[in-house]
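The values are calculated or read from the model by the stated rules, or taken from the named source; none is laboratory data. Predicted model, so just to flag it, every value in this text is computed and none were measured. Glycine also receives a Cβ, built like all others from the backbone with ideal geometry; neighbour counts cover every protein chain displayed.
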């Protein structure tokens, strides 16, 4: 018997008062670099999980905002020769005034159209000299409008007016945001799976490194469940501590992102809102539960193979 195993046996005899040895944490030696690896893995995975959660929630809010906002708006483009455009605009507004489901219709001023085109053509665009169509913005009621019926009336009374209810590009945008939300949840699931795999490998390495210790524990009457408990406790605590640190770093990083008005139109709202800030608090308990289950399964699987 080696010196370490002999010393362990002496300690066990001193701790033992009958039946199994006392506290497993006082008997099983530290797991060394495997426990450190577990803590680091849990920290990194928790940090990534915070961002995956933030991305998924932000994509969901974006999809809901696009669906709610664009579904209740529409635009009419009036194109006609210069000597007819005012007449067709007036006819279009008369049609809209008698169309059910329209809460408000408003003709955009040339200055507003210039502001819309400025990002592409610059602020000095000479709109007066260009044959631009006139735009009419609609806001629908909760019941909405009969789009096909309105198109037929416009063709009859204002042939140059074309209704755009945003369906062509609203649906792809909402679908893209929904898929981005799904990808965020898939990424979160992959992070949990990767964390479980890494902790399983670390636990197996720790158990394999302590095969002689396990043999000595069995000699003094320790059962496999008692031996596994020591490793499960150690890896669960390390994973919980690492995940707590990673979650804190991830939340701090999300909080440090630029505010919505400074982030630009595409990345606005990337982060947590309201009570969603409490959701990352579930990551450390989840990491601890994953570590507990993974280590327990790995421990019993290794112990069955140790003679």
Considering every residue within region 129-147, establish whether at least one is assigned to a helix (DSSP H, G or I), touching a residue at least 40 places away in the same chain (Cβ under 8 Å) and more than 45 Å from the chain's Cα centre (by Cα).
no
Checking the condition at pLDDT 85 or above, under 23 Å from residue 300 (Cβ atoms) and surrounded by 14 or more Cβ atoms within 10 Å (Cβ to Cβ), which residue from 245, 205, 240 passes?
240
For residue 132, indicate whether it is within 12 Å of residue 99 (Cβ to Cβ) and surrounded by 15 or more Cβ atoms within 10 Å (Cβ to Cβ).
no
Consider residue 22 carefully, then state whether it is modelled with pLDDT under 85, farther than 21 Å from residue 163 by Cβ, in contact with a helix residue (DSSP H, G or I) (Cβ under 7 Å, 6 or more places away or on another chain) and part of a helix (DSSP H, G or I).
no
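Would you call residue 89 in contact with a helix residue (DSSP H, G or I) (Cβ under 9 Å, 6 or more places away or on another chain) and at pLDDT 80 or above?
Numbers: in contact with a helix residue (DSSP H, G or I) (Cβ under 9 Å, 6 or more places away or on another chain): no; at pLDDT 80 or above: yes.
It is false that residue 89 is in contact with a helix residue (DSSP H, G or I) (Cβ under 9 Å, 6 or more places away or on another chain) and at pLDDT 80 or above.
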Residue satisfying condition, being under 29 Å from the mean Cα position of the chain (by Cα), free of Cβ contacts under 8 Å to residues at least 12 places away in the same chain, part of a helix (DSSP H, G or I) and within 25 Å of residue 60 (Cα to Cα), within set 193, 187:
193
With the requirement that a residue be surrounded by fewer than 18 Cβ atoms within 10 Å (Cβ to Cβ), more than 16 Å from the chain's Cα centre (by Cα) and modelled with pLDDT of 80 or more, what does region 253-285 give you?
256, 285
